[in-house]
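Presented below is the structure to which this report refers.
The values are calculated or read from the model by the stated rules, or taken from the named source; none is laboratory data. Model, not experiment: these values are computed from the prediction. Cβ placement follows ideal geometry from the backbone for every residue including glycine, while neighbour counts extend to all protein chains displayed. When the accessible area is computed, the model is the full protein with side chains, heavy atoms only, and any ligands, DNA or RNA have been set aside. Shrake-Rupley method; radii C 1.70, N 1.55, O 1.52, S 1.80 Å.
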Amino acid sequence: YKKKSSTFKLTALAVITPLLFTACSSTQSTNQQSDAPVPATKFDLSHWKINVPVDLNNDGKIDEIDVEEIQTYAHPDFFYLDDKGYMVFTSPNKALTSANSTNTRSELRQMIRGSNTKIKTKHSKNNFALAVHPLSDRFGSVGGKMEATLKVDHVALRATDPDKKAAYSVVVGQIHAGKDQALIDTKLGYGWGNEPLKIYYKKWPGHKTGSVFWNYERNLPKTNPDRKDITYPVWGNTWENPNEPGSAGIALGEEFSYTVNVYKNVMHLTFSAQGKEDVNYSINLGNNVDAYGKVDEKDHPHGYAADWHYFKAGAYNQCSTKSAKGIWYPGCLGTGDWTTDKQNGDYAQVSFSKLELSPATPKTK
């Protein structure tokens, strides 16, 4: 199929031009000294910071380790290099969470600025835009590429509402759009902080294998009932299906790879695993044509065209301990005591053997 183009002018974006040069403070923690091997000794973390589900500096917030600190940082339970050289991310069901979230995470956030803290986290030079963005030349990059090879070691085993889609799942890679009140105030339909990409692994208790799939979130306000995740299968089932994936799925401890290549306006995804055929998708993030080539009338007509974005990778545990209406609250079990929760299997763990950032490249046939 041929996707329709997304060409438009957003003159009102002049309103947000000052945002591109506005400082936005970020929390930082004191460095955690531990005997755990430091991931930055093997992985290039020169353009990543991390959130870990602890508060070692006692400021009442989840610890955030910036680019300079992460070069010598490890946490013996939640972020470390194991004896096989994997970079390990662990996230209990119950622990400190980032603001406005009920899900814990041990997760990296792309920092295009590197260690130059004069450029603040939300500054345009620290984030990427699509080519269609009217001010794309003011951003750190136009698009970008993230490549990873990983294995999921563990997902949460206990949920009081197991039929909720988010139960027993973990997000291992993302593209996140910025939450930006100045952009929301333009009333052009941007700045909501939605996610054009979340890569999931989910395994039901008792199953031999789990499933890999990815979600695209319609770029709409939180209050809009059409703001939903559109799910695309990779291996096994999608998140609502309780059936055993069998040989079509991916087992715990089985490596797989993903490449996320945002070139100009199009997100190209490639998933690969030994013994399985590669799975490929392409979707233009600057319009409302889905990954199957069909127009989604419920999505923003220009998708994420005027948002700013960043990559994330690690273990973003979807097994929230909150029990409430909606797919995101499966009421997973957890005490908040790591020794107890680890023993009970109330956590997610993901290990990476490769994680690389690079400029976007044209898709080859």
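Summary table
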{"item": "The chain, relative contact order [Cα under 8 Å, separation at least 6], %", "result": "23"}
{"item": "Percent carbon-and-sulfur accessible area, the chain, ignoring ligands, DNA and RNA, probe 1.4 Å", "result": "49"}
{"item": "DSSP-assigned coil residues among trypsin sites (Lys or Arg not before Pro) in the range 152-195, each with at most 16 further Cβ atoms within 10 Å", "result": "Lys187"}
{"item": "Given charges at Cβ of Lys, Arg, Asp, Glu: the chain dipole, positive-most of Ser141, Gly314, Thr104", "result": "Ser141"}
{"item": "The chain, dipole about Cα centre (Lys/Arg Cβ +1, Asp/Glu Cβ -1), debye to the nearest 20", "result": "1220"}
{"item": "Nearest-0.05 FRET efficiency for Lys125 and Ser101, computed from C-beta distance (R0 25 Å)", "result": "0.45"}
{"item": "Partners for Lys276 among aspartates and glutamates (Cα-Cα distance below 15 Å; same-chain residues under 8 apart left out)", "result": "Glu254, Glu255"}
{"item": "Cα-based Rg and Dmax for the range 157-285, where Dmax is the largest Cα-Cα distance (Å)", "result": "16.2, 49"}
{"item": "Added length on full extension, which subtracts the Cα-Cα distance from 0.36 nm per residue, Gln71 to Glu254", "result": "63.1 nm"}
{"item": "Stretch in the chain that is longest and holds no GluC sites (Glu not before Pro) that DSSP places in a loop and that have at most 13 other beta carbons within 10 Å", "result": "1-239"}
{"item": "nm² value of the averaged projected area, convex hull over the Cα atoms of the range 120-160", "result": "6.0"}
{"item": "Equivalent ellipsoid semi-axes, the range 30-103, via Cα gyration tensor eigenvalues times 5, rooted, Å", "result": "20, 14, 11"}
{"item": "For the range 61-66, 3J(HN,Hα) per residue [Karplus equation, 6.51 cos²θ - 1.76 cosθ + 1.60, θ = phi - 60°, Hz, x = Gly/Pro]", "result": "10, 4, 5, 10, 9, 7"}
{"item": "Full-extension gain in nm, Lys187 to Lys342, via 0.36 nm per residue minus C-alpha separation", "result": "51.3 nm"}
{"item": "3J(HN,Hα) from dihedral phi, the range 127-143, Karplus parametrisation 6.51/-1.76/1.60, rounded to Hz, x for glycine, proline", "result": "9, 10, 10, 7, 4, 6, 4, x, 10, 4, 6, 8, 9, x, 6, 9, x"}
{"item": "Computed helical MRE - 222 nm, the chain, DSSP H runs ≥ 4 contributing -39500 (n - 2.57), nearest 500", "result": "-1000 deg cm²/dmol"}
{"item": "Cα-Cα separations in the range 59-207 greater than 19 Å, expressed as whole percent", "result": "64"}
{"item": "Viscosity 1.002 mPa s, 20 °C: Kirkwood-radius Stokes-Einstein D of the chain over Cα pairs, µm²/s", "result": "103"}
{"item": "1.4 Å probe accessible area per residue over the chain, in Å²", "result": "43"}
{"item": "Paramagnetic label zone (point 7 Å from Cα along Cα-to-C-beta, Ser247; backbone N under 16 Å) in the range 270-289", "result": "274-277"}
